[in-house]
Amino acid sequence: MNSVKTYTLFTDHDVYLFKEGRHYKLYGKFGAHSVEKDGVKGIYFSVWAPNAKKVSVIGNFNNWNHKDHILFPRWDESGIWEGFIEGLTWGTLYKYAIETPRGEILEKSDPYALSWEQNIQAASLVSTTWYEWSDKEWMDNRWEKISLKLPYQSMKCIWVHG
């Protein structure tokens, strides 16, 4: 049973830039991203595996079973496999199980992961770059300290000539 649903963060333009080698923000497309699909929260996964016969997401949520949670290859022959798994959250351990054309199953960490296990298994960890800043007071008053009207304060530099 495949409990992965179709979903994509890639636009046609993203895929065009990716194929051209000119997409400079792939970290926002590949990897694991927390999303909401049809009112249900979960994680979107995507990985580039152009020669794979099958790609699945394995992890602590499915007992590392490569027969469940199979991703979908994109129709555009980009080599991108992707899908949405509902109910997963930050902190979920996962890897990609990639089946080669010869039938070997390779377990791979996510090259776009933001965090990993700190042990020998090195599974990727669903994570985020989101951060709640607590510097509102400083931001509101920074004009008092950083202003073009204040005198210039230079740093002393020591140049070493060799």
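Cross-link pairs exceeding 19 Å between alpha carbons, from the set K19/K95; K53/K108; K54/K95; K54/K108; K5/K41; K29/K67: K19/K95; K29/K67.
Along the positive direction of the dipole of region 1-55 (beta-carbon charges: Lys, Arg +1; Asp, Glu -1; about the Cα centre), which of F10, V55, G28 reaches farthest? Most positive-ward Cα: V55. Using the Karplus relation 6.51 cos²θ - 1.76 cosθ + 1.60 with θ = phi - 60°, the per-residue 3J(HN,Hα) values for region 64-69 come to 6, 8, 7, 8, 9, 6 Hz, with x marking Gly and Pro. Bridging of K25 to aspartates and glutamates at a Cα separation below 13 Å is possible for D14, once same-chain residues fewer than 8 apart are set aside.
Round to the nearest 10 and give me the degree value, 0 to 90, for the angle of helix 136-145's Cα axis relative to the longest principal axis of the chain. Taking the Cα atoms of the chain, the angle to 136-145 is about 30 degrees.
Which of rounded, prolate or oblate describes region 20-83 when judged by the alpha-carbon gyration tensor and an a/c cut-off of 1.5? Taking the square roots of the gyration eigenvalues as a ≥ b ≥ c, region 20-83 is oblate.
In order along region 71-77, the phi-based Karplus estimate (6.51 cos²θ - 1.76 cosθ + 1.60, θ = phi - 60°) of 3J(HN,Hα) comes to 7, 9, x, 5, 5, 8, 6 Hz; Gly and Pro are listed as x. When the P(r) of the chain is calculated, the portion above 25 Å amounts to 44% of the C-alpha pairs.
Phi-derived couplings, Karplus 6.51 cos²θ - 1.76 cosθ + 1.60 at θ = phi - 60°, listed residue by residue for region 102-111: 8, x, 6, 9, 10, 9, 10, 5, 7, x Hz, with x used for Gly and Pro.
Only the coordinates and a few stated rules stand behind these numbers; no lab work does. Note that the coordinates shown come from a computational prediction; the quantities given were computed from them, not determined experimentally. Positions of Cβ are generated from backbone atoms using ideal geometry, with glycine treated the same way; all protein chains shown enter the neighbour counts.
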